[in-house]
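Here is the structure we will look at, set down as structure tokens.
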Amino acid sequence: MTAPRPGLSPVGAPHAATTAAVGPGEGPALVIEGLRKSFGKLEVLRGIDLVLAEHEVVCLIGASGSGKSTLLRCVNLLEPIDAGRIVVEGEEITAPGVDVNRIRRRIGIVFQAFNLFPHMSVLDNVTLGPRKALRLAPAEAEARALEFLERIGLADKAREFPDRLSGGQQQRVAIARALAMRPDLLLLDEITSALDPELVGEVLRLVRELAEGGMTMLIATHEMGFARDIASRVCFLDAGRILEEGPPAAMFSAPREERTRQFLRRIVEAGRL
Amino acid sequence: MPASAGRPRRAGQPSAVRSTLVAVASTVVFFGVVAWVVVSSPGWPAVQASFFNGEVFASSAPSIVRAFWVNVQLFLIAEVLILALGLVIAVLRSLPGPVFFPVRLLTTAYVDGFRALPGVLVIYILGFGIPGLALPGVPVEPFLYAVVALTLVYSAYVSEVYRAGIESVHPSQEAAARSLGLTRFQALRHVILPQAVRRVIPPLLNDFIGLQKDTVLVSYIGVVEIFRQSYIQQAGNFNFTPYMVTALVFIVVTIPLARLTDVLIARDKRRQAAGGVR
């Protein structure tokens, strides 16, 4: 699979204007600094610092409620942040006055519950973004969508509606929908958590192919085996902070922090590692 | 699937054939008794003569059915305007954020106001009040004010139906649309509204049936429609049979729509049970 790099960006690199010293492909793909986010009195993210290099795949692990999903939603600007900044390909996307729609076109997200559009065919699900947000001609959007559906092995389902597909197929379509925007960065939010165990494999296989193709990804996951295989780095989130991070081999075999050890012990007891 | 496969029949439970027979028998007995009570009442001959007079029926029916065409025009034109205006109001009322507070305030006042007022009052006030201002260039056609009044009243109800539909679409659908870089309006137009409208088609049809019947209210401002025409016929014949003609016309027109609404509701239920909405 080829890497959808910024050079292929169909938006005509609209972010070039604000990209001063660091152009795409030179600096880090994603920089998060001092990110804080509260819902009412509950502070969910308490100062997150994280840097992703180009083509890097970083997995976020941690208990439910540790802030993994919120972090991803903040990066996609689906949640306004309270403090800190987020920089994608050299552009500060959390700066005031930034066009959120333009930013979101460059950052794909795949949700735990797929969130496909139930009233549209698979093909329309995948072409909606390219047609409406990128303003591609319908024929061009369709050609692009079919290309991605071909890659995920569901081209024959293009005319079906989502409710006719298995969970694994739906999630693969959701990934194709995000990829059809040719994003610079892909966020995956526990994308196998809602799947029957026998359907997890096909989705993880697809993500692995994307990683091999060079896609920069930030992945919240409970699949530790998958994280160990695919991640260049693993971050353990605990109570809204990155408590520990490192290469997967070190994280899973010799975690430094007691909280990390506890978490991994529970995962092992549950038979998930 | 044979009935016995899912739920074994217990001893003493009636079979399907027997259930049908019991239903038919009880229906016949019930309506037979009602009919007998009515027909054997002391005033029946007089009521029959003034409400069910065959000759008057035959002579008044053509003009009454012709007058119904005015009602049909009324409710068709008004329904198109109602569906459009109701949607606009619902969308404006759903706009989030402090900037849109005045918009929400105005639309809420509109919806509250026109749901509070009896429809016939709105028809009166507009139909007599506005032409009464005698402003130059302002039309005096009562038909026009009838359409406007019905549109104002019904769009308030219909906007609430739309709003319920919009709120029934899970926020994750909007998140998915916005995450692709669609604007708020695009997400509404392509993702939220298509799902919302599909879900509220049955209640919209319900309101359409209500509108059809409420078109008779405009007879009060001098539109000669079916109710006015049956009054004219009644006065001319000294007989109430023309009203029975009118009743029959409404039954013939609205019952198929009511059945269609039920069919659509049943279909939606089946879809939800199957786990998906198209």
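The values are calculated or read from the model by the stated rules, or taken from the named source; none is laboratory data. As the structure is a prediction and not an experimental result, all values here were calculated from the model. Glycine also receives a Cβ, built like all others from the backbone with ideal geometry; neighbour counts cover every protein chain displayed. For the accessible areas, the whole protein counts, side chains as well, though only heavy atoms, and no ligand, DNA or RNA atoms are used. Shrake-Rupley method; radii C 1.70, N 1.55, O 1.52, S 1.80 Å.
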Problem set entry | Electrostatic dipole magnitude of the stretch B:154-263 [Cβ: Lys, Arg +1; Asp, Glu -1; Cα centre; debye, to 20] | 300 debye
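Tell me whether chain A comes out rounded, prolate or oblate; compute the Cα gyration tensor, take square roots of the eigenvalues as a ≥ b ≥ c, and use a/c under 1.5 as the rounded threshold. List each step's numbers first, then the result.
Numbers: a/c = 1.73, a/b = 1.20, b/c = 1.44.
It is oblate, given that a/c is not under 1.5 and a/b is not larger than b/c.
Hull surface divided by four, with the convex hull built on the Cα atoms of the stretch B:25-128: how many nm²?
Working: hull surface 52.9 nm².
Average projection, Cα convex hull of the stretch B:25-128: 13.2 nm².
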Seminar exercise, completed: Taking the dipole of the stretch B:95-179 about the Cα centre (Lys, Arg +1; Asp, Glu -1; charges at Cβ), the one of B:Ile130, B:Pro171, B:Leu105 that reaches farthest to the positive side is B:Pro171
Exercise. Which whole-number percentage describes the relative contact order of chain B, with Cα contacts under 8 Å and a sequence gap of 6 or more?
Worked result: 28 percent
For this session: Run down the aspartates and glutamates and flag those whose C-alpha is under 16 Å from the C-alpha of A:Lys68, throwing out any fewer than 8 positions away in its chain.
Result: A:Glu33, A:Glu43, A:Asp49, A:Glu79, A:Asp189, A:Glu190, A:Glu223, A:Asp238, A:Glu244, A:Glu245
Problem set entry | Furthest towards positive pole of dipole, B:Ala247, A:Ser64, A:Ala143, structure part the protein assembly as shown, Cβ charges | B:Ala247
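Under the definition of partner shielding as Cβ atoms of other protein chains within 10 Å of a residue Cβ, what is the mean value for peptide A:249-257?
Working: counts 0, 0, 0, 0, 0, 0, 0, 0, 0.
Across the residues of A:249-257, the mean count of other-chain Cβ atoms within 10 Å is 0.
If you count only protein heavy atoms with a 1.4 Å probe, what accessible area per residue comes out for the protein assembly as shown, rounded to a whole Å²? Mind showing how you got there, number by number?
Numbers: 26820 Å² over 551 residues.
Result: 49 Å² of accessible area for each residue.
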For this session: Whole Å is fine, so just give me how far the alpha carbon centre of the stretch B:190-213 lies from that of the stretch A:181-237.
Result: 41 Å
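Give me the dipole magnitude in Debye, nearest 20, for the stretch B:54-274 about the Cα centre, with unit charges on the beta carbon: positive for Lys and Arg, negative for Asp and Glu. Each step should come with its number before you reach the end.
Values: 17 positive and 12 negative charges, 166 e Å.
Dipole magnitude for the stretch B:54-274 comes out near 800 debye.
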Seminar exercise, completed: Those helices of chain B passing the 18 Å axial Cα length cut-off and the mean Kyte-Doolittle cut-off of -1.0 (DSSP H runs only) are B:16-39, B:54-93, B:101-116, B:142-168, B:201-214, B:241-274
Exercise. Using all Cα-Cα distances in the stretch B:54-274, what percent lands in each 10 angstrom bin from 0 up to the longest?
Worked result: 8, 26, 29, 21, 11, 4, 1, 0
Exercise. Highest GNM mean-square fluctuation, chain A, Cα pairs closer than 10 Å: which of A:Leu237, A:Leu78, A:Leu186?
Worked result: A:Leu78
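What range in chain A is the longest one free of GluC sites (Glu not before Pro) that are in a loop by DSSP and have at most 14 other Cβ atoms within 10 angstrom?
Numbers: sites that count: A:Glu26, A:Glu257.
Between exposed loop sites, the widest span is A:27-256.
Treating the beta-carbon of each Lys and Arg as +1 and of each Asp and Glu as -1, no other charges, what is the dipole magnitude of the protein assembly as shown about its Cα centre, to the nearest 20 debye? Please report the intermediate quantities before stating the final value.
Details: 56 positive and 48 negative charges, 219 e Å.
Dipole magnitude for the protein assembly as shown comes out near 1060 debye.
Would you work out the relative contact order for the stretch A:96-232, in percent, from Cα pairs under 8 angstrom that are 6 or more residues apart?
Details: 178 pairs, mean separation 43.2, N = 137.
Computed value for the stretch A:96-232: 32 percent relative contact order.
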Seminar exercise, completed: Taking every alpha carbon pair in the stretch A:180-241 and sorting the distances into 10 angstrom bins from 0 up to the bin holding the longest one, the percent per bin comes out as 18, 55, 25, 2
Seminar exercise, completed: Share (percent) of C-alpha pair distances in the protein assembly as shown greater than 44 Å works out to 41 percent
